[in-house]
Each structure stands twice: as structure tokens, then as C-alpha cells.
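**Q** Okay, handing you the structure first.
The values are calculated or read from the model by the stated rules, or taken from the named source; none is laboratory data. None of these values were measured; they are calculated from a predicted model. Note that each Cβ is placed from the backbone with ideal geometry, even for glycine, and that neighbours are counted across all protein chains shown.
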Amino acid sequence: MSEREQRFADLMRAAQAGDGSAYADLLRALVPLVKAAARQRFRFLQAQDIEDLVQETLLSLHTARRTYDPARPFLPWFMAIARNRMADSARQHARRRAHEVPSEQPPETVAEKVANIFTNEHGDAEALGHAMRKLSPAQRQAIELMKLREMSLKEAAVVTGVSIGALKVSTHRGMLALRKALVDRD
């Protein structure tokens, strides 16, 4: 075991035993490691996005800290957490990019007015808002957390205090109701 690995493992053991300063030292020591891994993997991210990813990774460590087995090496355990958080971040980034709408009006390409009419491909926001208000409170909350805020089932279950199964049902039924309301509108 390397000296760095030993230091991390010792700090984590002390943190698990309740030593707050050891935990703070561990987190400070991990920041450059996570930043380097994030920069290497996501060269296209802005500095603030890298910072967000570092913070999310440290929060994941905080959540999972009780699962660390002091008899095992620390870095492989931590880097698995970091890789999972980075994969989640990459999926989230891809979803956001897929739903982004350009904010500038595209330039005209043809002199005729008919050729330069731009449609709203994302539907009617007002109709969606009206359809959302018709949902039951449980369905509306499930859709808002899972689809709009892009929370995982586990995260949404913690926020709502509802089981994962109940969230799945509410989300499914809510999506069906929204589709029906938006199709019936046309």
C-alpha cells in the first residue's frame, strides 16, 4: 500500500470513528484527485461544472462513508464512487444537451417569408402546465422530481418519503395522464 493510500485509509478510519478534523482533512486531500479525474474525463466541461462534479462526488462519499471497510484499500473504493458520480453526471449532461433550445433566432436563409417560419418543436408550455395541474398531487410531485428535476428514484423517495414502487406507479400514471390530456387537446 502506498503512503498516500495509507494516509487516506487512516483518515477515513478516524473519520468513521467520529474525528471531524480527520474527515475535513480527507475531503480536502481528495479534491485535487477528483478534479484531475474529472478534467481528464470531461475536457469539455467548464470550471464551474467541474467544481459541481467535485462537490457531488464528495457528497456521495459522505452518503456512502459508513460502507467503507477499513480492512480494504480506500482509493479503489472511493474511485468507484467517483466513477459512478461521473457517469451520472455524463448522463445528466447528455439529457440537458438533448433538451436545450437555442436562444437566438436562426438567421434567415431564404428571402421568402414562408420559408423562414420557425415552429416550436417542444410543444405548448401552457397546455403542459394546464395538464400538470390536473394530475393528482402524488403524480405531479413524482413527475416534477423524476422528469423535470431529473432525480433518481432513490433521491425522489428520500425527498417524498414514499416508496420507490409507489413513485414508479405515480410517475407512470402521471405520464399516461399527461399524454392523454395533451393528445385530447389537439
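**Q** Do you know which residues across the range 131-141 are of a type in the set (A, V, I, L, M) and in a loop (DSSP other than H, G, I, E, B)?
**A** Matches in the range 131-141: Leu135 only.
**Q** Considering (1) under 25 Å from the mean Cα position of the chain (by Cα); (2) modelled with pLDDT of 85 or more; (3) not assigned by TED's automatic domain parsing to the domain that holds Gln46, say which one Arg85 fails and leave the rest.
**A** Condition not satisfied by Arg85: (3).
**Q** Kindly indicate which of Gln16, Gln40, Gln48 is under 18 Å from the mean Cα position of the chain (by Cα) and assigned by TED's automatic domain parsing to the domain that holds Ala64.
**A** The conditions single out Gln48.
**Q** Residue check: is Ala98 closer than 26 Å to Glu5 by Cα and surrounded by fewer than 14 Cβ atoms within 10 Å (Cβ to Cβ)?
**A** Spelling it out, it is not the case that Ala98 is closer than 26 Å to Glu5 by Cα and surrounded by fewer than 14 Cβ atoms within 10 Å (Cβ to Cβ).
**Q** May I ask you to list the residues in the range 142-182 that are aliphatic (A, V, I, L, M) and not in a helix (DSSP H, G or I)?
**A** Selection gives Met151, Val162.
**Q** Note down all Cβ pairs under 9 Å where the first residue falls in the range 40-52 and is touching a residue at least 60 places away in the same chain (Cβ under 8 Å), the second is in a helix (DSSP H, G or I), and they're at least six residues apart or on different chains.
**A** From the range 40-52, no pairs qualify.
**Q** Looking at the range 74-90, which of the residues that are over 19 Å from Met12 (Cα atoms), of a type in the set (A, V, I, L, M) and touching a residue at least 12 places away in the same chain (Cβ under 8 Å) is surrounded by the most Cβ atoms within 10 Å (Cβ to Cβ)?
**A** Filtering first and then ranking leaves Met86.
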